[in-house]
Each structure stands twice: as structure tokens, then as C-alpha cells.
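Following: one structure in C-alpha cells, then a few remarks.
The values are calculated or read from the model by the stated rules, or taken from the named source; none is laboratory data. The model shown is predicted, which means the values in this text are computed figures rather than measured ones. Here the Cβ is made from the backbone with ideal geometry for all residues, glycine too, and neighbour counts use every protein chain on show.
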Amino acid sequence: MITLPEVRVGEPIRHEALSVFPLFSPSDGGVEYLLSEEAIGAGSVTVEEVSEGGSVPTLLVINTGDFSVLFLEGEELKGAKQNRVLNTSVLVAAHSKTSIPVSCVERGRWRYLSKNFSSGGSHSSSKLRRHLKASVARSLKEGRGHTSDQGAVWEEVSRQMNSLGSTSETGAMSDTYERHQDRLNEFREQLKYVEGASGVAVAVGSQVVAVDVFDRSSTCQKVWDRLLSGVVMDALESGKPEKLPESADVEALLAQLRAATWEPSPAVGDGQEYRTDSVPLSHASTLVLGDVVLHGSVVVESRV
């Protein structure tokens with residue numbers, strides 16, 4: 001059974017309520033792929049509605065390129081009839097068409113702005129990812145595929161928007177991020193990618209809230225700023241922590257997860273998924289191709 005890979009937890013870098021722990025592991029690099037924003041930017045991949053009428057929980061990816069393309073759980077896609085986020089990580093094979101499971105993060109729009117989606121450049125907050133991961137895990141157990149609780153997603157987008165004093169005519173998550181762009185840039189400047197890191201664990205206040213690990217450091221470097229965008233939104237909601245977490249807290253969580261019972265489940269595209277919710281308050285999954293963990297992710301529910 002393939003779970004999370006062994007990693008070395010580095011010293012944290014911190015800014016206000018956010019603590020970021022770089023994770024280091026031997027780079028595998030055995031699987032060739034492009035990230036979604038690279039392939040979309042190069043024109044080798046298009047993402048569009050599944051039909052002219054569209055379907056909220058599903059999009060169509062058309063990969064005409066020679067490389068597989070990796071989409072990451074929680075990443076935002078903007079355009080077409082409404083903005084969406086990925087419900088799970090998906091590896092789309094070269095020269096293929098794949099339907100991907102998504103959730104709407106723009107409740108008040110159902111009209112075309114463009115035929116195709118673009119990469120939103122931002123990532124879901126850890127709080128939103130918890131809703132995605134927990135509801136997808138339930139759906140898989142019930143034989144309903146990678147379906148999310150769309151109502152809970154809308155509620156969380158609205159809750160955070162109100163909490164951070166943002167407004168949006170269409171209820172778009174991206175409008176909250178844009179309102180706080182200056183603060184987002186500030187955090188990114190203070191919490192830059194750590195050379196050689198192939199993963200990252202993030203704590204808001206005193207609690208570790210998310211972990212993402214990849215098969216190579218180059219992937220981690222490319223998505224570092226995007227991953228931070230979501231947890232910065234969480235940090236802006238948080239007060240000054242009474243206690244700062246240390247590397248040992250991350251190590252303890254990872255040790256529990258590696259020792260947990262993981263269950264296989266079918267992946268959406270290529271590869272195999274493994275999931276566990278047997279560690280209290282945590283939901284974790286991996287996307288594996290062969291024996292390579294392309295993306296392992298963990299979200300932790302708030303204890304508050």
C-alpha cells in the first residue's frame with residue numbers, strides 16, 4: 001500500500017499567523033507530465049464545459065499534447081459559464097479527453113464569459129479543501145464518484161467572503177482573493193519557496209491545516225505561490241496565535257498518517273488513488289502512478 005512518502009521536515013518560515021514548513025524527499029522524476037497551467041498556456045490542453053448547456057460538477061479536458069497533464073485538487077479554473085475548483089487531483093493522459101470532477105465557486109453566474117477555461121492562478125483555502133475532501137471521500141464510499149457537497153462549498157465561499165469583508169456580484173471566490181491581493185503579495189514575499197523542497201506543510205495559528213507533497217521539487221516550486229494563496233486567506237481570518245507550531249508537530253502528523261489504514265479507490269484519469277480518514281480530524285489522499293506518488297495531500301479540520 002502506497003501512502004505518503006517519507007520526508008524531512010525543514011525549519012519553518014513565518015509571517016503573522018502563517019507558518020510554512022518545507023518538506024524534502026529524494027526527487028523521483030520518473031513520470032513525465034506538465035502542470036495544468038503550463039499545458040493550458042501552451043495551448044496543448046483546453047478545458048471547457050461538457051456541453052453547450054454545461055454541467056456544474058463536471059468539465060471536459062481535451063489534451064492534444066504529447067505529455068500527460070496534472071491538475072491539482074483545489075486549484076481554480078476561471079471562465080466559461082462559472083469558475084470551478086478541482087475536487088481531486090487528476091492526471092490526464094496525452095492525446096485524450098477526460099471528464100474531471102469540479103465544484104462551483106461562483107454561485108451567481110451561469111453564462112459564458114469565454115468558451116474555454118484559464119488557470120485561475122489561485123488555490124482553495126484549507127477550509128474549503130476540507131469540505132471538498134471530506135465530501136468526496138463520502139461520495140466514493142457511497143459509489144457516487146468524486147462528487148462534492150456543492151451546498152457546503154458555496155456556504156464556505158460565502159462565509160469567508162463575509163469574514164474578510166469582500167463583496168461579489170456573482171459570489172465569486174476569486175473576488176475575495178483580488179480584494180486582498182496586496183496582502184497576498186506581502187505573504188508571498190515573506191514566504192518564498194525554499195530551494196530543494198518537494199512539499200510543504202502549512203499551519204495557521206497553532207494548528208497544522210494542510211500538507212502537500214509532490215514527486216519532484218520542480219513541481220513544488222511551480223505551485224508554491226498558488227498553494228499559499230488559499231492558506232493566506234485562512235491566515236487573514238486568524239488572530240495572533242498563542243503558540244507557534246514546530247517541525248515536530250508536522251512530523252507527528254505525518255507519522256500518524258503513514259501508519260494509518262489507507263484504502264484504494266479509482267482515479268479519475270491515469271493512476272490510482274489511496275485515501276484515509278482514519279487519523280482523527282484529518283482527510284488525506286494520494287495520486288499514484290506505478291510506485292510514484294505524484295501528489296499527496298492532507299487537510300486537517302479545525303479544533304476550534
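Which members of segment 155-176 meet the condition of being under 13 Å from Ser125 (Cα atoms) and either at pLDDT below 95 or buried (at least 17 other Cβ atoms within 10 Å of the Cβ) (or both)?
Glu156, Val157, Gln160, Met161, Met173, Ser174, Thr176
So, Ala172, is that one within 16 Å of Glu75 (Cβ to Cβ) and not acidic (Asp, Glu) or not? Steps first, please.
Numbers: within 16 Å of Glu75 (Cβ to Cβ): yes; not acidic (Asp, Glu): yes.
Taking the combined requirement at face value, the residue satisfies it.
Quick test of your reading of the structure: Asp234 fulfils all but one of (1) at pLDDT below 95; (2) of a type outside the set (A, V, I, L, M, F, W, C); (3) farther than 15 Å from Pro12 by Cβ. Name the failing condition by number.
Checking Asp234 against (1) at pLDDT below 95; (2) of a type outside the set (A, V, I, L, M, F, W, C); (3) farther than 15 Å from Pro12 by Cβ, the one that fails is (1).
Ala235: surrounded by 22 or more Cβ atoms within 10 Å (Cβ to Cβ) and not in a helix (DSSP H, G or I), yes or no?
Working: surrounded by 22 or more Cβ atoms within 10 Å (Cβ to Cβ): yes; not in a helix (DSSP H, G or I): no.
Answer is no for this residue.
Would you mind listing the strands (runs of 3 or more DSSP E) fully within segment 57-122 where at least 3 residues are buried (at least 18 other Cβ atoms within 10 Å of the Cβ), at pLDDT 95 or above and not polar (S, T, N, Q)? Spell out how you get there, then give the answer.
Details: elements: 58-63, 68-71, 75-79, 84-86, 90-92, 96-104.
Filter on segment 57-122 gives 68-71, 75-79, 84-86, 90-92, 96-104.
Residue check, Ser238 against (1) in contact with a helix residue (DSSP H, G or I) (Cβ under 9 Å, 6 or more places away or on another chain); (2) of a type outside the set (Phe, Trp, Tyr); (3) over 30 Å from Thr98 (Cα atoms), all met but one. Which one?
Every listed condition holds for Ser238 apart from (1).
If I go through segment 176-221 residue by residue, how many of them are under 16 Å from the mean Cα position of the chain (by Cα), of a type in the set (Asp, Glu) and closer than 18 Å to Pro12 by Cβ?
1
List every residue pair whose Cβ atoms lie under 8 Å apart, where the two residues are 6 or more positions apart in sequence or sit on different chains, the first residue falls within segment 115-142 and is without any contact (Cβ under 8 Å) to a residue 24 or more places away in the chain, and the second residue, located anywhere, is polar (S, T, N, Q) and surrounded by 23 or more Cβ atoms within 10 Å (Cβ to Cβ).
Taking only residues 6 or more apart or on different chains, the pairs are Ser135/Ser148; Ser139/Ser148.
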